[in-house]
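Rule-based calculations on the coordinates, nothing more; no lab input. All values reported here derive from a predicted model rather than from experimental measurement. Cβ sites come from the backbone with ideal geometry, for glycine too, and all protein chains shown count toward neighbours.
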Amino acid sequence: MPKNIPLVLSVFVCGAVVMIFELAGSRVMAPYFGTSIYVWTALIGVILGSLSLGYWLGGRVADKRADEETYALIIFISGLAVFWAFLARDFVFLLFAGQHMPIELSSFLSSLLLFAPASIALGFISPYAVRLKTVKIERAASTVGNLYAASTVGSIVGTFVAGYWLIPFVGTVKILFLLTGLLIILSFVFSRKHFVLKIVALAVISAIFYFILHNSLVVEQKTGEVSFETEYNSINIHLGTDEATGRPARYLSFDPYALQGAMYLDSDELVWDYTKFYRLADHFSPGTKKALMIGGGAYSYPKDFLAKHEDSAMDVVEIDPGITAAARKYFRLADDPRLRIFDEDARTFINFSKEKYDAIFDDAFSSATTAPFQLTSIEAVRKQYDLLNDGGVVIANVGASINGPNGRFLRAEAATFAAVFPQVYIFPMTHPFDPNRVQNIMIAALKTEKPAVFSSDNKEFNAYLQHVWKQPLAADVPILTDDHAPIEYYMKGIM
């Protein structure tokens with residue numbers, strides 16, 4: 001084999017490793033910090049900064065000593081550094097995630113400790129390979145171009161392999177182990193001088209990996225806790241006790257800061273009050289025959305709706321088919337001819353749907369407390385308005401306060417609905433008279449000029465109708481648009 005082929009191949013592989021490592025890193029962070037723009041900013045910034053430092057240091061080291069033994073050692077160290085991210089992740093996240101520090105700082109420090117070492121080491125590889133391959137100065141430019149092209153192509157391949165195959169079907173833990181093993185084995189191509197050391201390292205890493213996976217299986221068997229990766233989320237399912245009733249329940253979460261769904265073990269009765277508020281669609285728009293649910297989660301309310309509306313049907317748009325599969329397996333979601341499930345981004349669905357609905361229920365979140373921005377804009381609200389029959393209603397769940405630090409998001413979203421719908425009302429759920437309390441706040445937008453009535457013979461309906469907020473909202477934020485919807489900044493109280 002020509003000498004240059006292994007060198008170019010190693011740069012290609014390491015380019016792929018960088019991108020796979022970065023994408024896998026987002027899933028490593030998600031169970032502790034979510035997937036907000038702050039987390040992505042910290043992760044990408046740390047990895048790019050560390051790669052830049054590695055490029056600079058790699059160039060300086062290569063100018064002083066350029067040989068294949070050192071190159072092999074750099075690749076070997078890169079593999080160990082990737083394994084460090086796997087080995088230390090729980091310790092590092094618990095160190096920072098549990099300190100109640102701003103997520104910008106905690107996610108940055110966690111990224112720095114976990115992903116900087118491997119990124120710096122991987123950054124060494126390209127400039128060092130350039131030095132090894134450069135023989136004649138007149139060919140230096142083409143050498144640099146060829147190797148950086150190989151690295152870029154590797155990054156492209158790594159991106160698609162990670163996004164389309166590894167993350168959905170292999171899982172984050174196994175990905176980090178595979179990257180570790182791949183880099184250590186690649187180091188054999190350039191040197192067998194440290195053969196025994198590398199074999200021992202692989203054996204120890206494999207033993208640790210096996211122990212952790214085996215221990216995870218034992219924990220799952222004893223506690224009923226299940227964690228797994230899907231195309232879109234890191235999902236955790238666990239057992240617990242509902243604080244309000246003391247009844248045993250099963251919970252679905254995407255990260256540790258907020259639960260995404262719940263179900264009593266002994267019945268399909270709704271666990272959380274905010275999901276019961278969706279039933280008020282029958283008050284605001286009597287005779288609901290067809291409804292749309294945006295965000296399936298544990299499918300608690302779709303099951304409730306179908307049980308209480310024997311002659312009605314519901315469409316559910318859930319972007320993650322893995323969540324739907326989990327609901328079938330763990331949350332008693334059964335097939336029903338009246339229930340249609342669409343594995344699709346909700347904004348895409350409402351953009352192109354030709355269906356008509358009597359009620360639309362919004363309950364989609366992209367992180368612990370933040371809705372996907374593309375579902376909050378006036379363009380999305382107009383699409384929902386168009387999908388409703390006359391007299392229909394949209395009921396949307398917003399996690400915020402009215403006048404507290406993150407109240408700007410609630411006020412912006414309410415103003416956005418009010419710019420389209422004739423009537424918009426808000427209903428704080430758990431603390432209806434406290435404007436500063438962060439809680440589930442339901443927005444009810446009515447497609448009718450007929451004034452809403454806030455009393456009912458139905459005791460349950462009447463209890464929730466009394467939660468209506470009667471004070472005017474401050475008009476201090478613009479409506480949300482596709483062009484400008486800074487909802488994460490509003491939720492942080494920055495803007």
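With neighbour counts taken as other beta-carbon atoms within 10 Å, the residues 50, 107 rank, fewest first, as 50, 107. Using just its DSSP H runs of length 4 or more, each adding -39500 (n - 2.57), the chain gives a mean residue ellipticity at 222 nm of -17500 deg cm²/dmol after division by all residues. The Cβ shell under 12 Å around residue 490 holds other residues with a net charge of 0, Lys and Arg each +1, Asp and Glu each -1. Taking every C-alpha pair closer than 8 Å and separated by at least 6 residues, the mean separation divided by the residue count of region 4-223 gives a relative contact order of 38 percent. The charge dipole of region 4-223, taken about the Cα centre with unit charges on the Cβ atoms of Lys, Arg (+1) and Asp, Glu (-1), comes to about 440 debye, rounded to the nearest 20.
If R₀ is 30 angstrom, what is the calculated FRET efficiency for the pair residue 105 and residue 436, using the beta carbon separation as r and rounding to 0.05? Working from the Cβ atoms, E equals 0.75. Dipole magnitude for the chain: about 1700 debye, using +1 per Lys or Arg Cβ and -1 per Asp or Glu Cβ, origin at the Cα centre.
When region 55-136 is described by a simple charge dipole with +1 on each Lys and Arg Cβ and -1 on each Asp and Glu Cβ, the residue from 82, 66, 113 located farthest towards its positive end is 66. Between the labelled values (i) 26.3, 85; (ii) 26.6, 90; (iii) 22.8, 72, the entry that holds Rg and Dmax of the Cα atoms in Å as derived from this structure is (ii). Listed by chain and number, the lysines whose alpha-carbon sits under 19 Å from that of residue 450, ignoring those within fewer than 8 places in the same chain, are 470. A 18 angstrom limit on the alpha carbon distance is what I want to check against. Which of 356/383; 303/329; 276/459; 289/354; 290/459; 290/329 exceed it? Beyond 18 Å: 290/459; 290/329. Within the shell defined by Cβ-Cβ distances under 11 Å, the residues around residue 345 carry a net charge of -3, with Lys and Arg each +1 and Asp and Glu each -1. Remark: 90, 343 ranked as 90, 343, counting other beta-carbon atoms within 10 Å and listing the fewest first. Measure nothing but the geometry: give the 0 to 90° angle between the long axis through the Cα atoms of 378-387 and the longest principal axis through the Cα atoms of the chain, rounded to 10°. So the helix axis and the longest Cα principal axis differ by about 50 degrees.
Our summary gives the chain a relative contact order of 12 percent, counting only alpha carbon pairs under 8 angstrom and 6 or more residues apart. Shown is the FRET efficiency for residue 64 and residue 152, computed with R0 = 25 Å from the Cβ-Cβ distance and rounded to the nearest 0.05: 0.40. Short-range pairs are left out: with C-alpha atoms under 8 Å and at least six residues apart, the relative contact order of region 268-492 is 20 percent. Simple rule: put +1 on each Lys or Arg Cβ and -1 on each Asp or Glu Cβ in region 268-492, find the dipole, and look at 388, 321, 458; the Cα lying farthest toward the positive end is 458. Against the main long axis of the alpha-carbon atoms of the chain, helix 68-97 sits at an angle near 30°.
Principal-axis analysis of the Cα atoms of the chain puts helix 195-223 at an angle of about 20° to the longest axis.
Considering only 467, 412, 300, the residue lying farthest towards the positive end of the dipole of region 268-492 is 467, judged by Cα position with unit charges set on Cβ.
Near residue 70, once Lys and Arg are set to +1 and Asp and Glu to -1 for all other residues with Cβ below 14 Å from its Cβ, the sum equals +1.
In terms of other Cβ atoms within 10 Å, 55, 164 run from fewest to most in the order 164, 55.
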